[in-house]
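The block underneath contains the structure these notes are about, expressed in structure tokens.
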Amino acid sequence: MRSICFYFQVHQPFRLRTYRFFDIGDSHDYFDEFQNRSIVKRVTERSYLPMNNLLLGLIKEYGAAFRVSFSISGIALDQFEMYAPEALASFKKLAATGNVEFLAETYAHSLVALKNPEEFKYQVQKHADRIEKLFGVRPTAFRNTELIYSDQIGSMVYDMGFNVMLTEGAKHILGWKSPNFLYCSGSNPKLKLLLRNYQLSDDIAFRFSNQSWIEWPLTAEKFSKWINDFDKNQSVVNI
């Protein structure tokens with residue numbers, strides 16, 4: 001049976017305020033408190049709470065047959081605690097079902113893996129510690145910022161104790177190969193790689209509401225047919 005792996009990315013940056021030349025040396029208040037608070041509360045009300053309630057209902061309806069994963073940046077968790085504790089509570093409800101996996105990532109949603117291995121390890125461990133403290137389970141799977149991967153990064157990830165890593169099913173890398181298989185790291189075959197099917201993912205993320213798209217409207221029946229039309233040997237679809 002083909003598995004469909006849903007992973008949801010949650011990130012909110014700390015937004016900077018307008019910092020003028022004459023503020024230098026006089027003011028050390030760099031962040032836009034009003035923007036950070038209002039945006040996080042608005043997105044919580046319009047997106048996080050409705051979606052998490054929907055997922056909770058599906059878990060109750062289908063039990064072990066329905067599972068999802070989340071990658072929530074550390075600074076998003078910080079802002080939930082500061083501005084929208086109800087959002088954090090909704091993620092804890094999902095965690096309590098046992099049907100939701102929380103992935104590790106860099107704490108600040110940074111690109112540090114490309115530059116500083118020691119800082120990369122520090123940020124990942126800090127994030128894993130935070131996830132374990134909040135949700136009671138330590139992550140065993142890893143998602144790098146923007147799904148960036150190299151065999152060198154894969155080696156660092158495996159050495160930190162992770163056995164699965166998510167990455168991009170990039171066409172220019174895969175060539176004729178399909179992302180709908182379980183792959184292994186070239187530097188360490190013990191590290192399993194799940195490749196995002198960018199075509200199907202982007203159909204939902206970017207083209208779903210585009211009325212000029214040739215496939216609009218995207219219905220559940222149409223989307224499931226696309227998945228079922230894959231060769232039967234393509235055993236996993238990561239979205």
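Going by a ≥ b ≥ c, the root eigenvalues of the Cα gyration tensor, does segment 1-121 fall in the rounded group (a/c under 1.5), the prolate group (a/b larger than b/c) or the oblate group? Present the calculation step by step, with values, prior to reporting the outcome.
Details: a/c = 3.36, a/b = 1.71, b/c = 1.96.
Verdict is oblate for segment 1-121.
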Long-range amide H partners of R196 with built H, under 5 Å: T167, E168, G169
Between segment 30-92 and segment 191-239, what is the separation of their alpha carbon centroids in Å? 24 Å
For a quick protection proxy, order the peptides 24-36, 43-55 by their average other-Cβ count within 10 Å, most packed first. 43-55, 24-36
Would you kindly derive the ³J(HN,Hα) couplings of segment 126-136 from the backbone phi angles with the Karplus curve 6.51 cos²θ - 1.76 cosθ + 1.60 (θ = phi - 60°), listing them in order in whole Hz, with x for Gly and Pro? 4, 5, 4, 4, 5, 4, 5, 5, 7, 10, x
S71 long-range amide H proximity, modeled H, under 5 Å: F8, Q9, V10, L103
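For every other residue with a beta carbon closer than 10 angstrom to the beta carbon of G169, add +1 if it is Lys or Arg and -1 if Asp or Glu, then tell me the sum.
On the way: positive: K171, K177, R196; negative: E168.
Here the count lands on +2.
Applying a 10 Å radius around every beta-carbon, put 112-121, 216-225 in order of their mean neighbour count, most first. Intermediate results must be reported in sequence, preceding the final value.
On the way: 112-121: 15.2, 216-225: 11.0.
With the highest mean Cβ count within 10 Å placed first, the list reads 112-121, 216-225.
Gain in length, A65 to A220, computed as 0.36 nm per residue apart minus the alpha-carbon separation, to one decimal in nm?
Numbers: separation 155, 0.36 × 155 = 55.80 nm, distance 1.77 nm.
Contour length minus the Cα-Cα distance gives 54.0 nm.
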What does the C-alpha gyration tensor say about the overall shape of segment 21-90? Classify as rounded when a/c is under 1.5, otherwise prolate if a/b is larger than b/c, or oblate. prolate
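Kindly identify segment 70-119 as rounded, prolate or oblate by the Cα gyration tensor criterion: order the square roots of the eigenvalues as a ≥ b ≥ c, call it rounded if a/c is under 1.5, otherwise compare a/b with b/c, prolate if a/b is larger, else oblate.
Working: a/c = 4.41, a/b = 1.69, b/c = 2.61.
Here segment 70-119 falls in the oblate category.
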Mean-square fluctuation maximum in Gaussian network of the chain, Cα pairs under 10 Å, restricted to L193, L16, L134, hits L16
Each residue of segment 106-122 in turn: what ³J(HN,Hα) in whole Hz from Karplus with 6.51, -1.76, 1.60 and θ = phi - 60°, glycine and Pro shown as x? 6, 4, 9, 6, 9, 9, 5, 4, 7, 10, 9, x, 5, 5, 4, 4, 4
Rounded to two decimals, the Rg over Rh value of segment 153-239 from Cα coordinates and the Kirkwood Rh reads 1.06
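Where a number appears in this text, it was derived from the coordinates with a stated rule and is not lab data. Because the structure is predicted, anything quoted here is derived from the model rather than measured. Counting neighbours? That spans all protein chains shown, and the Cβs are built from the backbone with ideal geometry, glycine included.
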